[in-house]
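Student: Take this structure, written in C-alpha cells, and hold onto it; I'll ask about it next.
Values in this text are rule-based calculations from the coordinates and carry no lab data. It should be emphasised that the depicted structure is a prediction, and the values quoted were computed from it without experimental measurement. Neighbour counts are summed over all protein chains in view; Cβ atoms, including those assigned to glycine, are modelled from backbone coordinates with ideal geometry.
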Amino acid sequence: MADNAMLDLDKMLLEESAAGTDAAIVMPEQLPQGVETVTAAAENVISETPSLIENPVIAFLCDLLGQLPFETMDYEFMRLALLGLLIIAPMAAICGTQVVNFNMSFFSDAIGHSAFAGVATGLVLAISPDYTMPALALCVGLGIMAVKHRSGLSSDTVIGVMFSTVVAGGLAIVSRYPNAVSNAQMFLYGDILTISERDILLMMGLAVVFMLFQIFSFNKLICIELNPQLAKAHRIKVGVYQYFFAALLSLVVIFSVKAVGVLLVTAMLITPAAAARNLASSYGKMLWLSVIIGVFSAIAGLFLSAQDWMQTSTGATIVLCSCVIFAISLIFRKKKRA
C-alpha cells in the first residue's frame, strides 16, 4: 500500500511539472503577437512621455514636425535635429552662394577649423565651448578682413596664414592637455542629434539678424563683389559691409559645425551653391536653387541616416546627398553647353 501511495504521488508531481512546463513554453505562432504587443506598448510610452522642451515656440514647432508621417519623428531629439537643420541649412546655402561668388571658399574652412581651437581653449580655461567657439570664430573672421585691408595681401594668402595659425594653436593646446582630445574630437565629425533647445534659440536669433542683413545689403554686396571701387563711388561703405558679412559668416559656419563637423563644414556651404551654379542662369536663380538643394540635402541626409539599413553619420550623409545632386547638375551643365 505504501509503495502504491508513493507511486501515485510521484505520478502526480510529474503531471504537475509537465503542465507547468507546457504553460511556460511560448509557441512559435504566438511570437509575432507578443512582439507587436511590446512594440505597441513602447510606442505608447514614447507618445505619452512628457516633452522636456520649455520654450513654447520651439515646442509648437516640434509638435508640427511630429505630425510628419515618419516613425523617426516620434522621438523628440529627431524633431529638434530637423528643426535645427531647417534653420541652419538655408543660411549656409545663402552664405555658400556669396562665398562662391566672392572666391572665399577657403575662408569658411579657416573658420571651421577655428572651432577645434575654440573647443580646446574653452576646455583648458574651464569655459563652456558654446562661448569660446563663437568668440574665436569672430576673432578669426574679423582678423582675416582686417589683415587683408591693411596689408594689401590677397585673400588666399591672409586666409592661409590664419588657417595655419588656428590649426597649429589648437593642436598645441591639445598636445599640452591630452584630456581635451576626447571632448574636442566630437566637433571634428559633428552630431546634429545632440542639438539642444538653447542651440535652437541661438540659431533663431542668428537667423533673424542674418535675414535682416541680407534684405538690406544684398544688392550692395553684389556691387562690392563686382567692383569695390564702383561701390565706393556710390558711397557704399565697403569695409563695413565686408566686416559684417565676415562676422555673420563666421557664426553660420560655427553653428554648421554642430551639424556636420569641422571636416565637412566647407562642403555643406560650397556644394549646394556649386550645384546651383551649374543649373541656374542668373544670380537670383542660383540663390534660390542653392537654398532648395541645401534644405533638401539636410532633410534627406537626416532621414536616410536614421534608417536601419543605413545607420551612417548624419553630417556625412547630408554632405553625400549634396554631392550626389552636384554630380547630377554636372550632367545638365554639359547638356546646356552642348
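Student: If you place +1 on the Cβ of every Lys and Arg, -1 on the Cβ of every Asp and Glu, and leave all else neutral, what size is the dipole of the range 147-264 about its Cα centre, to the nearest 20 Debye?
Tutor: 520 debye
Student: OK, next. Give me the distance in nm between label points sitting 7 Å out from Cα along the Cα-to-Cβ direction at D191 and N55, one decimal.
Tutor: 2.2 nm
Student: Follow-up. What ratio of Cα Rg to 2.2 N^0.38 Å holds for the range 180-338?
Tutor: The reported ratio for this selection is 1.19.
Student: Beta carbons within 10 angstrom, averaged per residue: use that to sort the peptides 83-94, 207-218, highest first.
Tutor: 83-94, 207-218
Student: Calculate, in nm to one decimal, what S282 and R198 gain on full extension: separation in residues at 0.36 nm each, minus their alpha carbon distance.
Tutor: Between S282 and R198, full extension yields 26.5 nm more.
Student: Once a ≥ b ≥ c are taken as the square roots of the eigenvalues of the Cα gyration tensor of the range 105-232, is the result rounded (a/c under 1.5), prolate (a/b larger than b/c) or oblate (a/b not larger than b/c)?
Tutor: Verdict is oblate for the range 105-232.
Student: Alpha carbons only, please: Rg and Dmax for the range 46-169, in angstrom.
Tutor: Rg and Dmax of the range 46-169, Cα atoms, are 19.4, 62 Å.
Student: Another question, then. I need the calculated FRET efficiency for the pair C139 and L330, taking r as the beta carbon distance and R₀ as 56 Å, to the nearest 0.05.
Tutor: It comes out at approximately 0.90.
Student: Would you mind pulling out the separation of the Cα centroids of the range 192-230 and the range 55-69, in Å?
Tutor: Result: 24 Å between the Cα centres.
Student: Follow-up. I need L138, L82, L201 ordered by Cβ neighbour count within 10 Å, fewest first.
Tutor: L201, L138, L82
Student: Suppose every Lys and Arg Cβ carries +1 and every Asp and Glu Cβ carries -1, with no other charges. What dipole size does the range 52-169 come out with about its Cα centre, to the nearest 20 debye?
Tutor: Rounded to the nearest 20 debye, it is 620 debye.
Student: For the range 177-268, what is the largest minus smallest coordinate of the Cα atoms on each principal axis, given in angstrom and ordered from greatest to least?
Tutor: Per principal axis, max minus min of the Cα coordinates gives 53, 27, 23 Å.
Student: Next up: Can you divide the C-alpha Rg of the range 97-176 by 2.2 N^0.38 Å and report the result to two decimal places?
Tutor: Taking the Cα Rg and dividing by 2.2 N^0.38 Å, one obtains 1.13.
Student: Okay, moving on. Using Cα pairs closer than 8 Å and at least 6 residues apart in sequence, work out the relative contact order for the range 219-338, in percent.
Tutor: Normalised by residue count, the contact order of the range 219-338 is 23 percent.
Student: Turning to a different aspect of this structure: How far apart, in nm, are two points set 7 Å out from the Cα along the Cα-to-Cβ line at L212 and at H234?
Tutor: For L212 paired with H234, the spin-label model returns 2.4 nm.
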